[in-house]
1. For a Förster distance of 35 Å, can you work out the FRET efficiency between the beta-carbons of ASP20 and TYR241, rounded to the nearest 0.05?
2. Using per-residue counts of other Cβ atoms within 10 Å, averaged over each peptide, order 237-244, 225-232, 375-382 from highest down.
3. Can you give me the % of accessible surface on the chain that is carbon or sulfur? Probe 1.4 Å, all protein chains present, nothing else counted.
4. Using modelled backbone amide H atoms (1.01 Å from N, in-plane), which distant-in-sequence or interchain residues come within less than 5 Å of ILE314's amide H?
5. In percent, what relative contact order does the chain have, based on Cα pairs under 8 Å that are 6 or more apart in sequence?
6. Can you tell me the length gained on complete extension of the stretch LYS12 to LYS67, counting 0.36 nm per residue apart and subtracting the Cα distance?
7. Can you check what the net charge comes to around ASP137, using other residues whose Cβ is under 13 Å from the Cβ of ASP137 (Lys, Arg +1; Asp, Glu -1)?
8. By the scheme Lys and Arg +1, Asp and Glu -1, what is the net charge of all other residues having a beta-carbon under 14 Å from that of LYS335?
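The values are calculated or read from the model by the stated rules, or taken from the named source; none is laboratory data. Since we're looking at a predicted model, the values are computed, not measured. Note: ideal-geometry Cβ built from the backbone for every residue, glycine included; neighbour counts use all protein chains shown. Heads up: the accessible areas ignore ligands, DNA and RNA and are worked out on the full protein's heavy atoms, side chains in. Shrake-Rupley method; radii C 1.70, N 1.55, O 1.52, S 1.80 Å.
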Amino acid sequence: MIHNITLVDYQKKCILTRLDIKIVALIGGTGCGKTFLLPIYLQYKAYEKYKLTGEKVEIIVLAPTYKMLLRNPLKYITKYFDDMGFEYVLNKSEMRLTFEFGVVYFVSAESYESMQGVHADFVIMDEGGLMKKPVLDTALQRLAFKSGQLAIFSTPYSSNHWLKTIVYDGWLEGDKHIVVFNPTSAANPFYPLSEIERAKEMLPRWKFDMFFLAKFTRPAGQIFEEVEYVKPFQIPSGWVYFRGLDFGYNNPNAIVNLVLDPNTEKVYVFGEWKRSQTTIDDLERVLKKGAGMIYADPAGKDALETLKSRGQPISNAKKDVLAGLSFLDGMFRSKKLLIFDNLVQLKDELNTYTWEVDKNEQLLDRPTKENDHLVDALRYACFTYERSYRQLQFADAWHQLNFTQSEW
């Protein structure tokens, strides 16, 4: 059912991957034919499953944003069906395509929760390397009932992303449920070598390695490079709790829960909460479940004063961004700040938190304002609490000194 389309070896192998393989990923360089292959994979696998079961299949197609969904998978799938003469009905208002072997639901990763309710035979991610970990978790959940297959077509991107740590590394370590194809741009005989040579001369090394050699690299300008994660544990009595809060509405409200070991002065981040379009009442309910002083974004003055009037232990956080980031980085490097490894949203933010880069690939002295709300809450908590804690220690020491002198 591939209909006389010329495919290179890794494309054929990708399509012919057994249905019992849980994850198949084509993680390749620019021009290796990832997006070209996506509609062919979709149609062939739908036919294969339909022929096996006699039942029409359900397929979810994901892209990182709604614009990318329209520009890439929707466009390529409908064009492929048109070129091949396959009949289909596209309901663009519901982003659903019905064809001979089943139905395709087009979903933006920005609203990945809308996958809920679909028991999918296949989930296909276009540029999965730009999607967050909860998108992967939800996709696998939607596939579980029918023992379906997740297909990922992507450029490598960051070495800290789940595409590397879970999928690519899992395959390298011999996970029998994962198959990865990792072609460079040059592996496609139809891609012009002159373009590869031009890119090698023009692009920074990290970007050439990522886009043409299909290697996972760190994002340019990654701010925190030495974050350490630990297994969750029962927090002993006597430790000191405190919290950070970043206000939002369309942007999410974000809370991090921290605790200080007074013996080692190590701080552990053990809880997270992030949600958009929440009211002050929603926020209050969440905060009531936690413990310790809350250091909040002073820009949210009205919300802060409302929570304070309702009895929440809340105060303005220190706002100095660069000083706060420098302080956090020092805590990470000295292993004084440790993160529970089940905090997937905070981990995702830390992995992608970078300095802005200008058009000449020069780093600017400001962080990229994207996917940063938990990190901001963490900065508010640590940077503000540290100053308060040092002042308290100094006051205690001064009191002890005066007491000792007067007794003597």
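1. Details: r = 47 Å, r/R0 = 1.34.
Plugging the Cβ-Cβ distance into 1/(1 + (r/R0)^6) gives 0.15.
2. 375-382, 237-244, 225-232
3. On the way: 10490 of 20230 Å².
Carbon and sulfur atoms account for 52 percent of the accessible area of the chain.
4. Those lying under 5 Å, H to H, from ILE314 are ILE294.
5. Details: 723 pairs, mean separation 63.2, N = 408.
Dividing the mean separation by the residue count of the chain yields 15 percent.
6. Details: separation 55, 0.36 × 55 = 19.80 nm, distance 2.90 nm.
Full extension of this stretch gives 16.9 nm more.
7. +2
8. Computed value for this residue: -3.
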